[in-house]
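Asker: Questions regarding the structure given below will be posed in turn.
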Amino acid sequence: MTYQPPVREHLFLLRDVLGIEKYANLPGFADATLDVIEQILDEASKFCGEVLAPLNAVGDKQGCKWSADHSVETPTGFKEAYRQFVEGGWPALAAEADYGGQALPRVVNLAFSEMSSSANMAFAMYPGLTHGAYSAILAGGSAEQKALYLPKLASGQWAGTMNLTEPQCGTDLGLLRTKAVPAGDGSYRISGQKIWISGGEQDLTENIIHLVLARIEGAPAGTHGISLFIVPKFLPDAGGKPGARNGVRCDGLEEKMGIHGSATCVISHDEATGWLVGEENRGLALMFVMMNEARLGVGMQGLAQGEAAYQAAAAFAKERLQGRALTGPKNPDGPADPILVHPDVRRMLMDSRAVLEAGRTFLFWTALQGDLARVDADAAVRQRGADYMALMTPVLKGYLTDRGFKICSDAVQVHGGAGFTEHLPVSQYLRDCRISLIYEGTNGIQALDLVGRKLPANGGRAMMTFLAELDAYVAANRGDEGLGPFLDGVAAAKAQLQEGTLWLMQNGLTAPDNAGAASADYLHLLGLTALTYMWAQMAKAAFGKIAAGDADPFYANKLIVGRYFLARVLPDAAAHLAKLKTGAETVMALPAEAF
Ligand SMILES: Cc1cc2nc3c(=O)[nH]c(=O)nc-3n(C[C@H](O)[C@H](O)[C@H](O)COP(=O)(O)OP(=O)(O)OC[C@H]3O[C@@H](n4cnc5c(N)ncnc54)[C@H](O)[C@@H]3O)c2cc1C
């Protein structure tokens with residue numbers, strides 16, 4: 001079974017749940033009519049399903065090759081696929097029109113990103129980071145930098161990378177040592193070693209634009225002395241074409257457990273020429289533009305690997321014959337029943353699907369908030385959109401990757417021993433997915449970001465707005481009888497989230513270990529609450545379709561999966577609340593020497 005892009009789900013979301021047509025008066029949305037969206041999704045599905053998916057196993061088996069001349073060869077077929085990717089205009093979907101982009105809403109682009117990531121996560125990482133580099137230059141670059149780099153990055157002709165990590169400096173960027181010395185001509189000489197740089201070298205693009213964090217000589221220690229630089233592999237000449245080779249090279253590749261098709265590079269900067277982006281010592285703030293975008297992208301990777309793994313598991317469960325149904329044979333003419341008849345196999349598939357469908361909605365809903373934050377005419381809507389983006393980014397990253405990995409693991413379980421061997425695609429999904437819990441800030445760091453920064457920001461405004469929105473939704477829909485259990489679910493989840501938030505306010509501020517110990521459970525509690533809200537919105541859309549006489553079983557099935565979520569997934573919220581309220585005491589009690 002090969003991966004099938006879930007176009008039907010994307011259309012349901014964009015059209016029936018989010019009602020994208022409502023926003024036709026906003027810039028970018030006017031061009032995103034349902035016809036256009038449908039066309040884009042169909043083409044995206046063809047490209048991802050027919051070009052990228054068949055290369056997924058090739059990339060896994062071959063990996064990338066480093067040569068002593070510091071070049072890197074990507075797996076067979078990647079170059080040609082990248083050429084088609086650029087020619088198809090895919091990198092430019094959501095880029096600004098000023099820089100050659102199509103300026104479509106990000107929420108539409110997300111459907112393509114999900115499909116490409118499910119089809120071939122390692123391949124999709126190259127353009128994924130390019131888009132992040134594009135956003136950082138857009139946010140902080142000078143007019144000249146924008147004019148020179150953005151069109152090339154938007155078209156995919158050049159690629160971007162993100163150079164943060166060093167051997168002694170992972171989560172704690174304050175330990176960063178790469179240094180920048182002013183060259184006297186407005187440029188800097190950058191020296192230092194970066195490790196684990198995705199796409200740091202490759203053979204797909206004519207130039208690579210590294211965005212590098214470095215410390216200008218004499219700058220303060222810690223995070224307040226970090227600046228951001230553009231360091232191109234080839235220095236652009238007067239005509240903006242790749243010119244002289246810069247002093248930046250790839251000194252090797254990492255062996256790793258997954259995403260073998262993505263080149264994870266040791267990058268040495270040896271007096272490389274770089275140009276400051278934005279102000280001195282303000283690099284981290286700009287890098288966060290790139291990182292926030294990348295974090296949403298990584299949350300999507302978790303979901304995307306989960307989706308591909310779920311599809312493989314569901315297909316396998318329909319074919320694999322073992323045992324008989326507890327209620328009597330369902331395949332009496334065969335030697336055994338398909339394993340799909342067994343409730344325990346169903347449990348794993350239903351858990352996965354209930355989280356995937358609402359997880360996707362949560363991701364799209366948040367991306368729409370991000371679009372509104374950029375383009376809505378109403379300042380209050382823009383502020384709410386920006387607040388939600390900030391609040392939900394760590395949740396999407398942490399929750400969807402934790403759950404995506406669990407879905408991949410359950411998919412392996414459904415396959416039995418065939419899941420652990422390397423004959424079928426499912427083991428690759430599990431291995432590839434694992435990194436999504438680690439990079440772009442580990443999930444532990446996402447949880448700390450949520451409770452330590454996002455929650456208290458602006459006096460807790462984003463969370464208060466979200467809680468009020470849940471109340472308002474329940475109140476506004478109470479008349480709708482079918483929706484009752486979904487509204488009860490939203491109300492129950494909201495009450496638990498509120499209780500958890502209050503507990504954090506009362507116990508986390510004075511004793512920070514309480515906040516640290518509670519943070520992962522709090523993140524999951526918020527994730528579950530958001531998913532419950534998404535299920536209510538999906539159920540409402542499905543009921544609406546059914547009431548209007550639409551007999552497509554898609555809608556009845558949606559309600560079945562939604563009811564499963566309420567019965568079997570949402571109850572975890574109570575456990576997260578109970579755990580978080582125990583604070584740090586038992587977590588920190590064991591003496592360090594006893595470990
Ligand atoms: C395949 C791959 C690709 C990558 N791509 C890139 C890239 O393109 N660019 C780039 O710059 N980097 C990249 N990275 C690096 C990645 O972002 C880091 O691995 C990640 O940020 C974590 O840093 P670390 O590995 O040093 O872990 P550490 O910081 O050493 O953390 C180890 C553990 O301690 C926990 N921890 C650390 N500090 C705290 C704290 N204050 N509170 C609570 N827990 C804490 C972490 O959550 C984690 O569980 C990549 C890594 C890999 C493996």
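The values are calculated or read from the model by the stated rules, or taken from the named source; none is laboratory data. Keep in mind it's a predicted model, so treat the numbers as computed, not measured. Don't worry about glycine lacking a Cβ; one is built from the backbone with ideal geometry, like all the others, and counts go over all protein chains shown. Heavy atoms of the whole protein, side chains included, go into the accessibility calculation; ligands, DNA and RNA do not. Shrake-Rupley method; radii C 1.70, N 1.55, O 1.52, S 1.80 Å.
Asker: For M291, all conditions in the list (1) at pLDDT below 95; (2) surrounded by 24 or more Cβ atoms within 10 Å (Cβ to Cβ); (3) within 20 Å of the chain's Cα centre (by Cα) hold save one; what is the number of the exception?
Answerer: Among (1) at pLDDT below 95; (2) surrounded by 24 or more Cβ atoms within 10 Å (Cβ to Cβ); (3) within 20 Å of the chain's Cα centre (by Cα), the lone unmet condition for M291 is (2).
Asker: Look at the stretch 151-169 and say how many of its residues are near the ligand (Cβ under 9 Å from one of its atoms), closer than 14 Å to G132 by Cβ and part of a strand (DSSP E or B).
Answerer: So the count comes out to 3.
Asker: Let me ask something else. In the stretch 178-203, which residue that is over 26 Å from the mean Cα position of the chain (by Cα) and assigned to a loop (DSSP other than H, G, I, E, B) is surrounded by the most Cβ atoms within 10 Å (Cβ to Cβ)? Can you show your working first?
Answerer: Residues of the stretch 178-203 over 26 Å from the mean Cα position of the chain (by Cα): 178-193.
Adding the requirement that they be assigned to a loop (DSSP other than H, G, I, E, B) leaves 178, 183-187.
Details: T178: 22, A183: 12, G184: 7, D185: 7, G186: 8, S187: 18.
Looking at residues that are over 26 Å from the mean Cα position of the chain (by Cα) and assigned to a loop (DSSP other than H, G, I, E, B), I get T178.
Asker: Before we move on, is A447 more than 16 Å from the ligand (Cβ to nearest atom), within 22 Å of A294 (Cβ to Cβ) and either open to solvent by 50 Å² or more (accessible area, probe 1.4 Å) or in contact (Cβ under 8 Å) with a residue 60 or more places away in the chain (or both)?
Answerer: Details: more than 16 Å from the ligand (Cβ to nearest atom): no; within 22 Å of A294 (Cβ to Cβ): yes; either open to solvent by 50 Å² or more (accessible area, probe 1.4 Å) or in contact (Cβ under 8 Å) with a residue 60 or more places away in the chain (or both): yes.
Answer is no for this residue.
Asker: Give G562, G583, G549 a once-over and let me know the one that is at positive phi and open to solvent by less than 10 Å² (accessible area, probe 1.4 Å).
Answerer: On the way: G562 fails: at positive phi; G549 fails: open to solvent by less than 10 Å² (accessible area, probe 1.4 Å).
Matching residue, one of G562, G583, G549: G583.
Asker: I've got another one for you. Within the stretch 125-145, how many residues turn out to be touching a Ser or Thr at 6+ places or on another chain (Cβ under 6 Å) and open to solvent by less than 20 Å² (accessible area, probe 1.4 Å)?
Answerer: Pass one, the stretch 125-145, residues touching a Ser or Thr at 6+ places or on another chain (Cβ under 6 Å): 125, 129.
The next check asks that each one be open to solvent by less than 20 Å² (accessible area, probe 1.4 Å); those that pass are 125.
The qualifying residues number 1.
Listed here are the residues, each with its yes/no results for (1) free of Cβ contacts under 8 Å to residues at least 12 places away in the same chain; (2) touching a helix residue (DSSP H, G or I) at 6+ places or on another chain (Cβ under 9 Å); (3) of a type in the set (K, R).
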site	(1), (2), (3)
V108	no, yes, no
P127	no, yes, no
G160	no, yes, no
L164	no, yes, no
R177	no, no, yes
P182	no, no, no
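Asker: Another one. Out of all the residues in the stretch 432-440, is one or more more than 25 Å from the chain's Cα centre (by Cα), open to solvent by 50 Å² or more (accessible area, probe 1.4 Å) and either of a type in the set (G, A, S) or within 16 Å of the ligand (Cβ to nearest atom) (or both)? Walk me through it before giving the result.
Answerer: Within the stretch 432-440, the first condition is being more than 25 Å from the chain's Cα centre (by Cα), and the residues that meet it are none.
Within the stretch 432-440 (the criterion being more than 25 Å from the chain's Cα centre (by Cα), open to solvent by 50 Å² or more (accessible area, probe 1.4 Å) and either of a type in the set (G, A, S) or within 16 Å of the ligand (Cβ to nearest atom) (or both)), the answer is no, since none of the residues qualifies.
Asker: Separate question: Need the failing condition index for G218 against (1) within 14 Å of the ligand (Cβ to nearest atom); (2) small (G, A, S); (3) open to solvent by 10 Å² or more (accessible area, probe 1.4 Å), just the number.
Answerer: Single failed check for G218: (1).
Asker: Please work out if A30 is part of a loop (DSSP other than H, G, I, E, B), open to solvent by 50 Å² or more (accessible area, probe 1.4 Å) and within 30 Å of K558 (Cβ to Cβ).
Answerer: yes
Asker: Something else now. Condition (residue is small (G, A, S), in a helix (DSSP H, G or I), within 16 Å of the ligand (Cβ to nearest atom) and closer than 20 Å to Y3 by Cβ) applied to the stretch 413-431: is it met by at least one residue? Spell out how you get there, then give the answer.
Answerer: Of the residues in the stretch 413-431, the ones small (G, A, S) are 416-419, 427.
Next, from what is left, pick out any that are in a helix (DSSP H, G or I): 417-419, 427.
Narrowing the set further to residues that are within 16 Å of the ligand (Cβ to nearest atom) leaves none.
No, the stretch 413-431 has no match at all.
Asker: Out of M505, M463, report the one residue that is farther than 25 Å from L356 by Cα and of a type outside the set (S, T, Y). If you could, list the steps in order and put the result at the bottom.
Answerer: Numbers: M463 fails: farther than 25 Å from L356 by Cα.
Result of the check over M505, M463: M505.
Asker: Next question, about the same structure. Are any residues in the stretch 475-487 in contact with a helix residue (DSSP H, G or I) (Cβ under 8 Å, 6 or more places away or on another chain) and without any contact (Cβ under 8 Å) to a residue 24 or more places away in the chain, and if so, which ones? Step through it out loud before you land on a result.
Answerer: Our first condition is that a residue be in contact with a helix residue (DSSP H, G or I) (Cβ under 8 Å, 6 or more places away or on another chain); within the stretch 475-487, this holds for 477-478, 480, 482-483, 485-487.
If the condition is that a residue be in contact with a helix residue (DSSP H, G or I) (Cβ under 8 Å, 6 or more places away or on another chain) and without any contact (Cβ under 8 Å) to a residue 24 or more places away in the chain, then R478 is the only one that fits.
Asker: Here is a further query. Show the residue pairs meeting these rules: Cβ distance below 8 Å; 6+ apart or different chains; first residue within the stretch 372-395 and outside any helix (DSSP H, G or I); second residue open to solvent by less than 50 Å² (accessible area, probe 1.4 Å).
Answerer: Within 8 Å, the pairs are D376/L26; D376/G385; A377/L26.
Asker: Taking F78 and the conditions (1) touching a Pro at 6+ places or on another chain (Cβ under 9 Å); (2) crowded, with 21+ Cβ neighbours inside 10 Å, which numbered condition does it fall short on, given that it satisfies the others?
Answerer: Of the numbered conditions (1) touching a Pro at 6+ places or on another chain (Cβ under 9 Å); (2) crowded, with 21+ Cβ neighbours inside 10 Å, the odd one out for F78 is (1).
Asker: Please pick out the residue among Q301, Q311, Q305, Q322 that is crowded, with 17+ Cβ neighbours inside 10 Å, more than 18 Å from the chain's Cα centre (by Cα) and not β-branched (V, I, T). Let's see the steps before the verdict.
Answerer: Values: Q301 fails: more than 18 Å from the chain's Cα centre (by Cα); Q305 fails: more than 18 Å from the chain's Cα centre (by Cα); Q322 fails: crowded, with 17+ Cβ neighbours inside 10 Å.
After ruling out the rest, the residue left standing is Q311.
Asker: Which is within 16 Å of the ligand (Cβ to nearest atom), modelled with pLDDT of 95 or more and open to solvent by 20 Å² or more (accessible area, probe 1.4 Å), of L148, L175?
Answerer: On the way: L148 fails: within 16 Å of the ligand (Cβ to nearest atom).
Being within 16 Å of the ligand (Cβ to nearest atom), modelled with pLDDT of 95 or more and open to solvent by 20 Å² or more (accessible area, probe 1.4 Å) holds for just one of L148, L175, which is L175.
Asker: Quick one: which residue in E96, E9, E21, E73 is surrounded by 15 or more Cβ atoms within 10 Å (Cβ to Cβ) and over 21 Å from M125 (Cα atoms)?
Answerer: On the way: E96 fails: over 21 Å from M125 (Cα atoms); E21 fails: surrounded by 15 or more Cβ atoms within 10 Å (Cβ to Cβ); E73 fails: over 21 Å from M125 (Cα atoms).
Testing whether each residue is surrounded by 15 or more Cβ atoms within 10 Å (Cβ to Cβ) and over 21 Å from M125 (Cα atoms) leaves just E9.
Asker: So which pairs qualify, if the first residue must be in the stretch 261-281 and farther than 24 Å from G141 by Cβ, the second must be open to solvent by less than 20 Å² (accessible area, probe 1.4 Å) and more than 16 Å from the ligand (Cβ to nearest atom), the Cβ gap must be under 7 Å, and the two must be at least 6 apart or on different chains?
Answerer: Listed by first residue and then by second, the contacts come to G261/F78.
Asker: Give the residue, chosen from A154, A122, A133, that is at pLDDT below 95 and in contact with a Gly (Cβ under 6 Å, 6 or more places away or on another chain).
Answerer: Numbers: A154 fails: at pLDDT below 95; A122 fails: at pLDDT below 95.
It is A133.
Asker: Next question. Which residue, of R431, R360, is modelled with pLDDT of 95 or more and farther than 20 Å from A32 by Cα? Working first, answer last.
Answerer: Numbers: R360 fails: farther than 20 Å from A32 by Cα.
Result of the check over R431, R360: R431.
Asker: Pick out the one residue from Y564, Y522 that is among the hydroxyl-bearing types (S, T, Y), modelled with pLDDT of 95 or more, under 29 Å from the mean Cα position of the chain (by Cα) and closer than 25 Å to D480 by Cβ. Let's see the steps before the verdict.
Answerer: Details: Y522 fails: closer than 25 Å to D480 by Cβ.
The match here is Y564.
Asker: Kindly indicate the residue of the stretch 246-284 that is near the ligand (Cβ under 10 Å from one of its atoms) and among the aliphatic types (A, V, I, L, M) and also surrounded by the most Cβ atoms within 10 Å (Cβ to Cβ) among those meeting that condition.
Answerer: Looking at residues that are near the ligand (Cβ under 10 Å from one of its atoms) and among the aliphatic types (A, V, I, L, M), I get A263.
Asker: Pull out all pairs, ordered by first then second residue, where Cβ-Cβ is under 8 Å, the residues are six or more apart or on different chains, the first lies in the stretch 130-148 and is in a helix (DSSP H, G or I), and the second is open to solvent by less than 40 Å² (accessible area, probe 1.4 Å) and polar (S, T, N, Q).
Answerer: These pairs meet every condition: A133/T161; I137/Q145.
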